[in-house]
Amino acid sequence: MSAEIQYANENKGLLPGVQSGISWIGYGNPPDDSGRRSPFNGVIWPFMSNAEYAFECPIEQREANGMFSYTMATTMSGAKLELVWPTYWRTQPEKSSASPLLSTRMPVIIEEDGKWYNHTYQDGAWGNRDQITGRHLDRGNIGYLDGSAGNFESPKGPNPDRQEPQDFEAWDFVFYAQGREFSFGPWNYGYGWINHPK
């Protein structure tokens, strides 16, 4: 998270995005001056001091995505560093909006599950039905907007080879703003939307 925060400190206090041209990881950005592509052309690359394993977990064994296992929550594209929307996660995803909620911090960088859907899409974005990995003793790592990081044990169904109602997805992180609940799931929130959600 430190590179994302350094980027924000030099860009009006706004986090990078997942959109082409301003992608944190470089996906969809033009090549850099030397013609290199993701992750070298990502907007946070200049702020990286030690890039080994910065974008991927060394024990992950992906079949499709050979570049990164960490992705950015699409909802957090262009978020202001000082945002403090109350954020929660659904402890029983199969109950949808009736699930009990637990308080958390605003997630930015997610260690995405290698199968759902980092196996198929290497877009550097986390949203929709994307899940959190459980490769570290059933936990995955998350970097939060406040600059902290930690591991997170997300609910999962009994069969790792199937998507099941019990599986925790991006839809299961929610925040409250202006008297309403919003999910981290949608892909169509634009850059900076989260600062003034409607």
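The values are calculated or read from the model by the stated rules, or taken from the named source; none is laboratory data. Predicted, not measured: the structure shown is a model, and the values here were computed from it. Cβ coordinates were reconstructed from backbone atoms using ideal geometry, including for glycine residues, and neighbour counts include every protein chain displayed.
Could you tell me which numbered condition residue 179 fails, if it satisfies all but one of (1) closer than 20 Å to residue 18 by Cβ; (2) without any contact (Cβ under 8 Å) to a residue 12 or more places away in the chain; (3) small (Gly, Ala, Ser)?
(1)
Find the residue count for segment 89-113, including only residues that are at negative phi and either surrounded by fewer than 16 Cβ atoms within 10 Å (Cβ to Cβ) or assigned to a loop (DSSP other than H, G, I, E, B) (or both).
Count: 13.
Take residue 153 and tell me if it is more than 19 Å from residue 78 (Cα to Cα), without any contact (Cβ under 8 Å) to a residue 24 or more places away in the chain and not polar (S, T, N, Q).
Details: more than 19 Å from residue 78 (Cα to Cα): yes; without any contact (Cβ under 8 Å) to a residue 24 or more places away in the chain: yes; not polar (S, T, N, Q): yes.
In short, yes.
Residue 79 fails exactly one of the following numbered conditions: (1) closer than 21 Å to residue 149 by Cβ; (2) modelled with pLDDT of 95 or more; (3) touching an Asp or Glu at 6+ places or on another chain (Cβ under 6 Å). What is the number of that condition?
(3)
If you go through segment 53-71 one residue at a time, do you hit one that is part of a loop (DSSP other than H, G, I, E, B), surrounded by fewer than 16 Cβ atoms within 10 Å (Cβ to Cβ) and modelled with pLDDT of 80 or more?
No, segment 53-71 has no match at all.
Among the numbered criteria (1) outside any strand (DSSP E or B); (2) among the aliphatic types (A, V, I, L, M); (3) in contact with a Pro (Cβ under 9 Å, 6 or more places away or on another chain), which one does residue 142 miss?
(1)
Taking segment 2-59 as the search range and keeping residues that are of a type outside the set (Ser, Thr, Tyr) and at positive phi, which one is farthest from the chain's Cα centre (by Cα)?
First, the residues of segment 2-59 that are of a type outside the set (Ser, Thr, Tyr): 3-6, 8-19, 21-22, 24-26, 28-33, 35-37, 39-48, 50-52, 54-59.
Among the residues that remain, those that are also at positive phi are: 12-13, 21, 26, 28, 35.
Working: 12: 21, 13: 18, 21: 18, 26: 14, 28: 17, 35: 27 Å.
Among those residues, the one meeting the criterion is 35.
Give me the residue from segment 152-173 that is charged (D, E, K, R) and farther than 13 Å from residue 115 by Cβ and, out of that set, surrounded by the fewest Cβ atoms within 10 Å (Cβ to Cβ).
Just the residues of segment 152-173 that are charged (D, E, K, R), to begin with: 153, 156, 161-162, 164, 167, 169, 172.
The next check asks that each one be farther than 13 Å from residue 115 by Cβ; those that pass are 153, 172.
Details: 153: 13, 172: 23.
Ranking the qualifying residues of segment 152-173, first place goes to 153.
Of all residues in segment 65-94, which are more than 22 Å from residue 156 (Cβ to Cβ) and acidic (Asp, Glu)?
Matches in segment 65-94: 82 only.
Since residue 91 meets every condition but one in (1) in contact with an Asp or Glu (Cβ under 7 Å, 6 or more places away or on another chain); (2) modelled with pLDDT of 90 or more; (3) of a type in the set (S, T, N, Q), which condition does it not meet?
If we test residue 91 against (1) in contact with an Asp or Glu (Cβ under 7 Å, 6 or more places away or on another chain); (2) modelled with pLDDT of 90 or more; (3) of a type in the set (S, T, N, Q), just (1) comes out false.
Does segment 114-131 include one or more residues that are in a strand (DSSP E or B), over 19 Å from residue 15 (Cβ atoms) and not aromatic (Phe, Trp, Tyr)? Spell out the reasoning first.
The first filter runs over segment 114-131 and keeps only residues in a strand (DSSP E or B), leaving 125-126.
Imposing the further condition that a residue be over 19 Å from residue 15 (Cβ atoms) reduces the set to none.
Scanning segment 114-131, I find no residue that is in a strand (DSSP E or B), over 19 Å from residue 15 (Cβ atoms) and not aromatic (Phe, Trp, Tyr), so the answer is no.
For segment 124-146, how many residues meet the condition of being more than 16 Å from residue 44 (Cβ to Cβ) and modelled with pLDDT under 90?
Of the residues in segment 124-146, 1 are more than 16 Å from residue 44 (Cβ to Cβ) and modelled with pLDDT under 90.
Considering only residues that are surrounded by 12 or more Cβ atoms within 10 Å (Cβ to Cβ) and within 20 Å of residue 112 (Cα to Cα), which ones fall in segment 176-193?
183, 184, 185, 186, 187, 189
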